[in-house]
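The values are calculated or read from the model by the stated rules, or taken from the named source; none is laboratory data. Just so you know, these numbers come straight off a predicted model, no measurement behind them. Glycine also receives a Cβ, built like all others from the backbone with ideal geometry; neighbour counts cover every protein chain displayed.
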Amino acid sequence: MVVLPLRGGHLFTWREKSGSRALLHSRPLDSVRFEGAPMRKLALVSGVAAVLFAAVAAAAVKPETAIHYRQSVYTMIGWNFGPMVGMIKDKSPWDQAEFAKRAERISQLAPQLLEGFPEGSDKGAETEAKADIWKNMDDFKSKMNDLVRESKTLADIAKAGDEAKTREQFKKTAGACKSCHDKYRTEE
């Protein structure tokens, strides 16, 4: 008998006989009870983890996929940053709720950027990322972490509703963007 957790969170039980398989039953994984069988539970969880780890390791990201991913995240950040700049420069009316919404979005997007820069993704599609990123990855990660920290602080301050503090923190967040762009982005 073979027991496998497969797609959809179901546990499938198979019987193998003379080279053929017969499905005995399928049930939701959350309905499976492991009482009195801690070793089976540990074995099942360990097996699932091993399979998932192997699948992730085998699914190496193609450079062009990483480039398109990070460009998409940057596009979404820019989509939200633009209206905020308009409010900061008094080119559009100040709307604290709108500003806070966009700051929150950026704070959620910023932590996702770094995974778009795996080794080897300096080539493979058109990109404005300089090769220096991969030569100075520790410094690049530090700058990205600065952006994550500053954007989270901006979201928190904007949510609190203090316009003056929000404006001040926006400058720090924009500065985190600029420090990375100045060193690691080619300007077209």
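Side notes on the structure shown:
- Reported count of residues in the range 89-129, each being part of a helix (DSSP H, G or I) and hydrophobic (A, V, I, L, M, F, W, C), is 8.
Rundown of residues vs (1) free of Cβ contacts under 8 Å to residues at least 40 places away in the same chain; (2) within 19 Å of TRP79 (Cβ to Cβ); (3) polar (S, T, N, Q), yes/no style:
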site: SER107; (1), (2), (3): no, yes, yes
site: LEU114; (1), (2), (3): yes, no, no
site: ASP122; (1), (2), (3): no, no, no
site: ALA155; (1), (2), (3): no, yes, no
site: LYS159; (1), (2), (3): no, no, no
site: ALA164; (1), (2), (3): yes, no, no
site: CYS180; (1), (2), (3): no, yes, no
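- Put simply, of THR186, THR127 the only residue that is polar (S, T, N, Q), at pLDDT below 95 and touching an Asp or Glu at 6+ places or on another chain (Cβ under 8 Å) is THR186.
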